[in-house]
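Reading through the structure tokens given below for one structure.
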Amino acid sequence: MNTKTILGTIAGGVAFFLSGWLIYGIILENLMKNEDPNGFMRPDGNYIWWALIAGNFVWGFFLTWIMQSRNETGWQKGMMTGLVVGVCTGLAFDLGMYAMSNLFSEFGPVFIDVIANTLLYVIAGAVIGLVLGSNQKEANAS
């Protein structure tokens, strides 16, 4: 694993964590609580923080790996990769949960969650793209 992979993973993990807190913890907080009639979600004070943080870094690594595999750098390419991966992972997860669980009581929140998930990936992809593209201009100028 090279330095760019590690830096992209860290930057992506932090971006996923902070944007998730903003989107799900603040902007969509009431929607998420209203869509949990069966107590599927843990109460705020009972989160397992190490698992939440580790999961964000795994997503950061996953998106970094995809971008490096495709040799994509820069925030714009990162956003586009984040858009595609976010829509695909969000739809796959949420449609499965809608079909097999009581997580969503109707389809509207599934759509909102896919948009929110995609936004997380777009933000993280832009951050990772910036990290992967850093020093590239300096290297090309030399």
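The values are calculated or read from the model by the stated rules, or taken from the named source; none is laboratory data. Bear in mind the structure is a predicted one, so any value in this text is a computation, not a measurement. Every residue, glycine among them, receives a Cβ derived from its backbone with ideal geometry; neighbour counts consider all protein chains shown.
Let me confirm something: among Phe61, Phe93, which residue is surrounded by 11 or more Cβ atoms within 10 Å (Cβ to Cβ), under 14 Å from Gly12 (Cβ atoms), at pLDDT 90 or above and not hydroxyl-bearing (Ser, Thr, Tyr)?
Selected residue: Phe61, the only one of Phe61, Phe93 that is surrounded by 11 or more Cβ atoms within 10 Å (Cβ to Cβ), under 14 Å from Gly12 (Cβ atoms), at pLDDT 90 or above and not hydroxyl-bearing (Ser, Thr, Tyr).
Output yes when any residue across segment 5-22 is surrounded by 16 or more Cβ atoms within 10 Å (Cβ to Cβ), at pLDDT below 95 and over 20 Å from Val131 (Cα atoms), and no when none is.
Within segment 5-22, none of the residues are surrounded by 16 or more Cβ atoms within 10 Å (Cβ to Cβ), at pLDDT below 95 and over 20 Å from Val131 (Cα atoms).
Among the residues that make up segment 11-25, is at least one of them farther than 18 Å from Ala124 by Cα and within 19 Å of the chain's Cα centre (by Cα)?
Among the residues of segment 11-25, not one is farther than 18 Å from Ala124 by Cα and within 19 Å of the chain's Cα centre (by Cα), which makes the answer no.
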